[in-house]
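Student: First the structure, then my questions, so here it is.
The values are calculated or read from the model by the stated rules, or taken from the named source; none is laboratory data. As the structure is a prediction and not an experimental result, all values here were calculated from the model. Cβ: placed from backbone, ideal geometry, glycine included. Neighbour counts: every protein chain shown. Heavy atoms of the whole protein, side chains included, go into the accessibility calculation; ligands, DNA and RNA do not. Shrake-Rupley method; radii C 1.70, N 1.55, O 1.52, S 1.80 Å.
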Amino acid sequence: MSESEQPGVKSVCENGDAPATPPRGEATLELRHLHRFFGRLKAVDDVSFKAYAGQVMGFIGPNGAGKTTSMRILATLDLPTAGDAFICGDSVVDYPDRVRKYLGFMPDSFGRYGDMNVVEFLDFYARAYGLRGDRRRDAIEHVLVFTELRKLAEKPIKTLSKGMSQRLGLGRCLIHDPQVMVLDEPAAGLDPRARVELRELIRLLATEMNKTVLISSHILTELSEICDSAAIIEAGRILAHGTIEEIQQQQRRAVGRQSSRSLLLRLARGRDDATTTDRLEKWLLEQPFVGHVQMAAGKAAFELEGDDKAQTELLQRLLSAGFAIAEFHSKSHSLEDAFMNITQGITQ
Amino acid sequence: MSSDTISLAQPAGAADADNRLSVLADRLTDRMNPILVKEVRQALKSRQFVVTFMLLLVIAWLVSAGAAIFSPNAMEFGSAGNQLFLIYFGILAFAVIVIVPFGAHRSMLSERDQNTFELLSISALTPRQIVNGKLLSAMVQSFVYYSAITPFIAFASLLQGFDLPLSLFLLAIAFGWSICVSMFALMLSTLAQKRQIQAANSMGMFFLLMFQLYMTAGMMFQFSYAGVPFDDPAFWWSAGCVVVAAGSYTLLAQQVAVSRLTFESGNRSSGIRLILAAQFWLFCAAVVANSLWAGLSVSSRDGTELLMFVAFHWAIAGAYAATEVDWLSRRLRRQLPRNPLLRILFVPWMPGGARGLLWMLLHVGAILAAAFLFDWDTDWFPTFVLATCCYMVFLTGLGAAMTRWLRLVTPSFRPAHGRALIVIFTVAISVTPLIVRALSSNPISEKFHMIDLVSPFMTLPRLIDGRMAIAVNDPLRNHILIALCAAAVLAVLANARAIFNGISEVVSQKSDESLDAGLQDIQPASSPS
């Protein structure tokens with residue numbers, strides 16, 4: 001057990017009144033062998049991962065995978081059956097009061113006091129987090145500016161759109177300037193513009209404010225744009241975690257194609273007749289380190305075992321063989337691909 | 001416009017007089033309970049408050065105008081002051097002991113309805129701050145209603161027949177009672193989490209409030225017509241006892257509400273146990289002080305009545321404490337003192353069913369000691385106390401053991417189920433002899449049958465002096481006592497291992513070392529195996 005986990009030891013995020021940036025390399029969020037059982041149901045089963053300051057981590061999994069349960073434990077709303085979770089080095093089980101100071105949690109559906117206006121709502125939570133006087137007023141002002149809710153400050157909450165409500169929810173999480181943000185499906189139900197705007201705000205939290213953000217979402221294309229890393233969970237178990245690149249490598253390693261890359265090529269129009277396409281397929285199959293060739297009307301998709309040099313040499317050989325290549329590029333593995341390959345669609 | 005909006009929207013230098021007032025209000029409320037600030041803001045904007053306030057004013061105004069128009073002679077020459085005050089008081093009482101507590105009750109329920117409670121619970125607010133904030137808000141609303149009715153009472157005070165001390169006394173009682181009822185309403189609102197239960201809870205709350213309004217109003221009018229003996233010391237002694245009792249139950253309700261809102265790994269039990277024990281000892285102190293003050297010793301008859309009250313208190317307290325989950329969270333274990341002696345003293349007060357049973361047994365031991373060590377005026381009283389205590393221990397111990405066993409069978413068996421089990425079991429054994437007698441050839445026989453032994457309500461009256469009493473020198477009395485003692489001992493033995501584990505969990509410092517050595521299971525009872 002590290003020193004920071006001992007009672008009375010200054011936590012990673014603690015620095016007088018204001019939460020500070022922890023030294024790079026120390027995890028600000030950690031789940032360690034976390035278990036949560038509901039009777040016979042293993043909602044969370046030995047989940048472990050870490051996230052660091054300035055990092056946006058995607059928490060991905062199908063419905064009922066254990067994302068929300070894990071996040072609720074992190075937010076001190078639930079208690080693990082075994083294992084523990086740490087925010088800025090403090091256990092969520094042993095020191096929930098301390099953890100709450102460092103943590104901003106946005107649940108998937110959260111309540112709002114409909115009869116309050118925006119500024120009263122933020123003012124209440126600023127007071128609830130112990131902010132007094134000018135600190136409170138400054139915090140409200142800062143949140144209003146950051147979430148661009150300044151113009152709606154006096155508007156009753158019940159009249160806000162879904163997108164604005166989500167911004168307000170994010171503002172509420174930010175009011176006490178926490179080091180770690182846990183956001184459960186923050187983009188659910190938002191229109192495309194609101195999603196893009198919220199995504200930008202979340203990105204800024206990590207890049208500009210150096211916060212750790214753990215975010216769950218079903219919209220994987222969006223997550224891949226803002227996440228540095230991800231943890232994929234299914235049936236309560238973590239299947240993969242790390243940076244997006246690491247997850248893809250893990251996945252390739254798992255299927256025994258550690259150094260392979262997926263490539264796509266397209267023949268030039270007018271020179272992509274069936275005969276040429278057949279000749280290309282035959283030619284590719286004869287090449288060393290090439291496999292999994294799939295052809296479709298002047299296009300080819302295949303796997304190449306090797307690095308950039310092997311890829312360049314293959315292109316040179318293709319051109320020498322007289323093929324009119326219009327496109328030749330490696331297929332980028334999306335987070336969605338990784339997710340689909342790693343998960344098995346198990347539901348509990 | 002809120003103070004915050006103004007203070008944020010405009011620089012202080014540019015603020016007009018209203019804005020300066022708002023800024024001042026903002027600064028004044030800076031150190032106040034955040035829930036109080038929020039609740040008052042919400043309450044003052046709410047339709048319920050505005051309607052009640054306006055109705056109170058309109059009805060009071062109509063009463064005043066009606067009295068002036070239709071009974072001018074009574075107003076000028078008669079003693080209308082008291083009657084008019086009582087009408088104003090009735091209007092006020094409805095607002096402060098029905099509307100305000102119900103508003104407090106709804107306020108807590110709506111936190112769950114609106115999904116805002118979780119956000120509150122992960123803020124820096126403690127459960128006590130949340131409960132106190134809601135209670136303070138109820139008090140502020142009561143103040144507002146009091147201030148609204150004050151001009152009318154001032155008007156009544158100018159008329160003949162107005163009794164100032166009595167009026168002040170009634171107003172003070174109504175305010176105090178409003179606090180008690182509001183706290184009780186808040187406590188009830190924390191017990192309901194599911195929507196259906198919340199609806200039933202609200203309905204029950206409304207009928208309870210109406211019932212207590214009827215009772216309270218009846219008592220108040222009784223006071224006003226019969227008069228209050230302010231110059232009688234016995235009246236002040238009784239009033240003091242009532243205030244202390246009401247205060248202690250208000251504190252208990254507050255502690256229960258706080259416990260219900262406390263995080264699972266926190267301490268939900270010690271505060272309640274402390275208050276329940278303090279109530280018992282305060283009660284004992286009041287009895288002793290009363291006998292000293294009156295210069296009288298407590299007779300066995302008085303002792304029997306007092307014992308019934310104490311037995312009821314400990315039966316509920318025991319059922320509550322003994323059915324808790326036998327589990328001390330890592331967080332609480334870390335908070336235990338290092339001193340071994342202090343740890344031993346902490347044992348009965350720490351959460352856990354087995355420790356709860358031990359806590360109850362220690363107090364039952366104190367009752368028995370009082371029964372056997374003091375010199376009573378009759379021989380039957382100590383054995384009667386012994387029999388009563390045996391029933392308490394047997395029922396609570398058996399309930400605790402069964403709860404523990406059922407929790408092993410199904411982890412979803414909760415402490416509330418255990419408490420319900422004890423109540424059902426008590427009712428079942430109480431009616432069993434009645435059923436057996438009803439089926440027998442001589443159902444109205446006055447003879448004591450051994451089957452009657454299972455029912456405390458059929459056995460205990462036989463141990464008191466009276467027509468159907470079993471004499472002190474009757475061997476049957478000894479047989480009954482032996483059987484009851486054996487049952488109580490068996491019930492304790494059924495929990496002996498759990499009690500031992502409960503003590504060692506607190507006393508042993510090995511558990512502290514293992515806490516730091518690595519990860520432990522946090523809730524072993526709910527494992528899926």
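Student: Roughly how compact is the range B:51-148, stated as its Cα Rg over 2.2 N^0.38 Å to two decimals?
Tutor: Here the answer is 1.53, to two decimals.
Student: Averaging the inverse of every distinct alpha carbon separation and then flipping it gives the Kirkwood radius. What is it for the protein assembly as shown, in angstrom units?
Tutor: About 32.8 Å for the protein assembly as shown.
Student: Right, something else. When the helices in the protein assembly as shown are scored as -39500 (n - 2.57) per DSSP H run of 4 or longer and the sum is shared across all residues, what 222 nm value do you end up with, to the nearest 500 deg cm²/dmol?
Tutor: So the helix-based figure for the protein assembly as shown works out to -19500 deg cm²/dmol.
Student: What are the ³J(HN,Hα) values, in whole Hz, obtained from phi via the Karplus relation 6.51 cos²θ - 1.76 cosθ + 1.60 with θ = phi - 60°, for each residue of the range A:274-282 in sequence order, with x given for Gly and Pro?
Tutor: Residue by residue, the range A:274-282 yields 4, 5, 5, 5, 5, 5, 5, 4, 4 Hz.
Student: If packing is taken as the average count of other Cβ atoms within 10 Å, what order do B:362-372, B:173-183 fall into, highest mean first?
Tutor: Highest-to-lowest ranking by the protection proxy: B:173-183, B:362-372.
Student: Based on Cα positions only, what radius of gyration and what Dmax would you give for the range B:45-228, in angstroms?
Tutor: 18.7, 63
Student: Go through B:A253, B:G227, B:A317 and say which Cα lies farthest out towards the positive end of the charge dipole of the protein assembly as shown; charges sit on Cβ, +1 for Lys and Arg, -1 for Asp and Glu.
Tutor: Positive-end residue among those listed: B:A317.
Student: Spin-label point model (7 Å from Cα, Cβ direction): what's the B:F221 to B:V423 distance in nm?
Tutor: Distance between the two pseudo-spin positions: 3.2 nm.
Student: What do you get for Rg/Rh of the range B:323-417 when both radii come from the Cα atoms and Rh is the Kirkwood radius?
Tutor: Reported Rg/Rh, Kirkwood definition of Rh: 1.10.
Student: Here's something else I'd like to know. I need two numbers for chain A: Rg to one decimal and Dmax as a whole number, Cα atoms only, in Å.
Tutor: Final numbers for Rg and Dmax: 24.6, 79 Å.
Student: Towards the positive end of the charge dipole of the protein assembly as shown, with charges on Cβ (+1 Lys, Arg; -1 Asp, Glu), say which of A:I202, A:I157, A:S224 has the farthest Cα.
Tutor: Of the candidates, A:S224 comes out farthest on the positive side.
Student: Over the range A:55-155, consider all pairs of different Cα atoms and compute the Kirkwood hydrodynamic radius from their mean reciprocal separation; express it in Å, one decimal.
Tutor: 15.8 Å is the Kirkwood radius here.
Student: Semi-axes of the range A:42-88's equivalent ellipsoid from the Cα gyration tensor, sqrt of 5 times each eigenvalue, largest first, rounded to whole Å?
Tutor: Result for the range A:42-88: semi-axes of 17, 14, 10 Å.
Student: Just report the Cα centroid separation between the range A:30-84 and the range B:38-84, whole Å.
Tutor: 58 Å
Student: Shifting gears a bit: Can you send over the carbon and sulfur percentage of the accessible area for the range B:45-228, probe radius 1.4 Å, protein chains only?
Tutor: 73 percent
Student: Over the range B:157-264, what number does the Rg to Rh ratio reach, with both radii from the alpha-carbon atoms and Rh per Kirkwood?
Tutor: 1.09
Student: While we're looking at this one, here's another question. Straight-line reach only, C-alpha to C-alpha below 16 angstrom: list the aspartates and glutamates that A:K42 could link to, leaving out same-chain residues fewer than 8 apart.
Tutor: A:D78, A:D84, A:E234, B:D521
Student: Computed over the Cα atoms of the range B:285-529, what is the ratio Rg over Rh, Rh following Kirkwood?
Tutor: With Rg and the Kirkwood Rh in hand, the quotient comes to 1.05.
Student: Kirkwood Rh over alpha-carbon pairs of the range B:74-118, then Stokes-Einstein at 20 °C and 1.002 mPa s: what D in µm² s⁻¹, rounded to an integer?
Tutor: In µm²/s, the coefficient rounds to 164.
Student: Moving to a separate point now. With a 1.4 Å probe, what is the total accessible area buried between chains B and A, in Å² rounded to the nearest 100?
Tutor: Interface area, both chains combined: 4800 Å², rounded to the nearest 100.
Student: Counting heavy atoms of the protein chains only and a 1.4 Å probe, report the per residue accessible area for the range B:317-461 as a whole number of Å².
Tutor: Accessible area per residue, the range B:317-461: 47 Å².
Student: Consider all pairwise Cα distances in the range B:249-319 and report the whole-number % of them above 20 Å.
Tutor: 43 percent
Student: Separation of the range A:123-148 and the range B:285-307 by C-alpha centroid, Å?
Tutor: Using only Cα atoms, the two centres lie 59 Å from each other.
Student: State, as an integer percentage, the relative contact order of chain A based on alpha-carbon contacts under 8 Å between residues 6 or more apart.
Tutor: In percent, rounded to a whole number, it is 19.
Student: Further question on the same structure: What is the distance in Å between the Cα centres of the range B:193-248 and the range B:326-399?
Tutor: 31 Å
Student: Could I ask something else about it? Determine which aspartates and glutamates satisfy two conditions relative to A:K309: a Cα distance under 14 Å, and not lying fewer than 8 residues away in the same chain.
Tutor: none
Student: Assigning unit charges at the beta carbon (Lys, Arg +1; Asp, Glu -1) and nothing else, what dipole magnitude in debye, to the nearest 20, does the protein assembly as shown show about its Cα centre?
Tutor: 820 debye
Student: If you don't mind, there's one more thing I want to ask. If every alpha-carbon in chain B counts as one equal scatterer, what log10 I(q)/I(0) does Debye give at q = 0.08 1/Å?
Tutor: Taken in order of the listed q values, log10 I(q)/I(0) reads -0.71.
Student: Would you work out the relative contact order for the range B:387-512, in percent, from Cα pairs under 8 angstrom that are 6 or more residues apart?
Tutor: 37 percent
Student: Over chain A, with the other protein chains present, what is the accessible area per residue in square angstrom, probe 1.4 angstrom?
Tutor: Ligands and nucleic acids excluded, the figure is 42 Å² per residue.
Student: Scale the Cα Rg of the range A:74-119 by the rule-of-thumb value 2.2 N^0.38 Å and send over the ratio, two decimals.
Tutor: Against the compact-globule rule of thumb, the ratio is 1.44.
Student: So what is the relative contact order for chain B, in percent, with contacts set as C-alpha pairs under 8 Å and at least six apart?
Tutor: The normalised contact order for chain B reaches 12 percent.
Student: Could you list the square roots of 5 times each eigenvalue of the Cα gyration tensor of the range B:191-317, that is, the equivalent ellipsoid semi-axes, sorted largest first and rounded to whole Å?
Tutor: 32, 24, 13
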